[in-house]
Amino acid sequence: MDIPRATLPKALDIPQIYFRPPTADVPTYKPMIVPPADLERPEEVEAEETTEEPAQPTLKIPVIDIKMPIPETAVVVTAVTTAVIAVTTTTVTQSLFEPIKKKVQKQLQAKVNKWKENQKKKKDSSKNSKTE
């Protein structure tokens, strides 16, 4: 018996895709060691000598007998710098904006005066039309 054979084309060569599942970088931290509340130093270890901070300088006000603490140099420098910048900025901007302010005020006053005149004319014309 003669069975017909089908001729099939060759299969396409499809490249295989290798899928790797995504990975995540899990954050880590160094554990913080908290000593117990009843921790004491061992007997064979000597205690360290603690250095005391020098007392903050004070200014004595003679009239009212009060001692005022003097702030650190960095604090004073920062405060003075900020004050100087604020005063300078205010002075400069005031001198720049003063002429602009005057011009705007003149223009606004002129418009207000013109509006008042128009209102007065309307009022007068309405009185004249009523009397006739």
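Bear in mind these aren't lab numbers, they're just calculated from the coordinates by the rules spelled out. Since the structure is predicted, the reported quantities are computational estimates derived from the model, not experimental observations.
Averaged across orientations, what area in nm² does the convex hull of the alpha carbons in the chain project?
About 48.2 nm², averaged over all directions.
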Which of the lysines could a cross-linker span from Lys103 if the Cα-Cα distance has to be under 24 Å and same-chain partners fewer than 8 positions apart are dropped?
Lys111, Lys114, Lys116
10 Å-binned pair-distance histogram of the stretch 72-131 (Cα, whole percent):
18, 19, 17, 15, 12, 10, 6, 3, 0
